[in-house]
Structures are given as structure tokens and as C-alpha cells.
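Asks: Structure incoming, see below.
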């Protein structure tokens, strides 16, 4: 770390509140949103706005879901450097990965210098995902229990009511990990990084999301290797198509005891307990 410190995850800001037709001075906790730069071997790969927490998890998860590494041990070193303008996540890859990354950067560079242009952008956005083929089964009640456990663990959202969460749940251990962020993609990257850094296998658990399920979230889940995604909101059509193609059971609109299963229904069973590995 440099001399700067990352900002807090949330701030209390003044506001004027209208309640039952009357105005009063109040305060509201709001989540912080900070520019985060991902730098690999001295080259900036991407900059995005995110909640400035769980940053090591974020760096590892982002590198995994971008396909820059295959496991967390491939990051030789990682520094979190706070500056007045934002935070740099400086990762160093071993020589073989660095060469592959440099070649990828050259192939992605377009004439405008944007880094991801034209047809390469379209191919990247709709790239196929790994196929998840394990035969895990989950009781229908596990979906309800898992989502309830995620709701109970959203500390930052409890303060601000303004951030997304991603969690991982197994029948044996309950909610294994959860991460929050102003961005739904960021929350999932942080979760994936946390699981990778703790060497938690994803083959027999559920990924839980508080957002709609778009194609990018299915791509990330497939790289993780989790067989089931369960979300509070509905999926997009592209998300459904990719879940079907990648072997992922997509469960959405999980509200209380109710939910809808869109793909690979065989993994959800309607009797008591337990998944079968």
C-alpha cells in the first residue's frame, strides 16, 4: 500500500427526508464507488467503478473470469495501491502467462486505441463458456434456504440498500462466502476470487445472486464450475441460452418459497434433502 488509504465502504450523507408529507433533516448511508484499475505486469487492463472492499479477492476473481489465469497461484504478487484518483490492483504474472497476456493485448488492440474494438469486441462479449457437467442434485428447499442465508449476510446492503451481493452455498456448509459491491459483476468476481484463494471447490454448490442473470454472469459462473445459479431477479434471454449450452441449472425469481427453473431442471428435486455428488 502507498501512503493513501482506501476509502470506507460507505458514507453518511445529509439529505432532506419527506415522511408522510412532512420534511425533516436526515442522513443516509450510501455505498462508496471508487475507480479501480487492474494492472497486469505493468499494463493497465481495465478500469471500473466498484466498492473498495475485498480488493485482493476482486483482483484474483477478475483475472480468473477474464481467462488471464487458471488458478490463483499463478499470480506471483499482488499489490493494492491507493491513490488520490482511485485504487490500482497491481498483479504480476509468471513468464508464460505474461507472454500469453501480451499476445492477447496485441490481438485486441484496435486502430482507435480503445483496446477492444470491432469484431473482437463482439466475439468477446458472446464467447462460449466452459461446460459444467457434474450430476449434483439439490432439494428444492435448498434454493429457498440458500437465498435466505444470503439475505441475512448482506451487511453493506443492510446499511445502504444500494449494493448487490453474490454468495456460494452448499448443503454441507451453508453459506460458505458472500461478497457485496455496487456492481453485480464485481460482486461475483469478488466471490470467485474469495473461493479461489481459499481453495473452495465449486462443483457441488449454488451461486447466489441478488441481480438479474445476464450472459456475463453465466460466463463467470461457468468458469468457476458451479452447477447452479440462483437469483432474485429474472434472467435475460442470452443468459438462458448460455446456461443451457454450458450445462448450468438456472434458477431465477427466487422470492420467499417460490422460484422458477429455466435450464437443466434435473438438478432440482422436490423431495427432502440432499444433493448427490
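Read-outs: derived from the displayed coordinates by stated rules, not from any lab. All values derive from a computational prediction rather than experimental measurement. When we count neighbours, we look across all protein chains shown, and the Cβ atoms used for this are built from the backbone with ideal geometry, even at glycine.
Asks: Which of 18, 169, 92 moves the most in a Gaussian network model of the chain with Cα springs under 10 Å?
Replies: Highest fluctuation among the options: 18.
Asks: Something else: Please find, in a Gaussian network model of the chain (springs between Cα atoms separated by less than 10 Å), the residue of 212, 255, 90 whose mean-square fluctuation is greatest.
Replies: 255
Asks: Shape of the range 141-277 from its Cα gyration tensor (a ≥ b ≥ c, root eigenvalues): rounded if a/c is under 1.5, otherwise prolate when a/b > b/c, or oblate?
Replies: Verdict is rounded for the range 141-277.
Asks: Continuing with this model, one more query. I need the shape label for the range 145-197. Rule: rounded when a/c is under 1.5, else prolate if a/b > b/c, else oblate, with a, b, c from the alpha carbon gyration tensor.
Replies: Oblate is the answer for the range 145-197, as a/c is 1.5 or above yet b/c matches or exceeds a/b.
Asks: If you don't mind, another one. Using Cα springs under 10 Å in a Gaussian network model of the chain, which residue among 93, 195, 208 shows the largest mean-square fluctuation?
Replies: In the Gaussian network model the winner is 93.
Asks: Could you work out the relative contact order of the chain, using alpha carbon pairs under 8 angstrom and six or more residues apart, expressed as a whole percent?
Replies: Relative contact order, the chain: 18 percent.
Asks: Calculate, for residue 244 and residue 24, the FRET efficiency according to 1/(1 + (r/R0)^6) with r their C-beta to C-beta distance and R0 35 Å; round to the nearest 0.05.
Replies: Working: r = 51 Å, r/R0 = 1.47.
Rounded to the nearest 0.05, the efficiency is 0.10.
Asks: Give the peptides 144-150, 214-220, 130-136 in descending order of average Cβ contacts within 10 Å, highest first.
Replies: 214-220, 144-150, 130-136
Asks: When the helix-only estimate is applied to the chain (DSSP H runs of n ≥ 4, each -39,500 (n - 2.57), divided by the residue count), what is the mean residue ellipticity at 222 nm, nearest 500 deg cm²/dmol?
Replies: Only helices count here, giving -9500 deg cm²/dmol.
Asks: Would you mind ranking 190, 99 by Cβ crowding within 10 Å, fewest neighbours first?
Replies: 99, 190
Asks: Moving on. At q = 0.08, 0.10 Å⁻¹, what log₁₀ I(q)/I(0) does a Debye calculation on the Cα points of the chain give, no solvent, two decimals?
Replies: Summing over Cα pairs of the chain leads to -0.36, -0.56.
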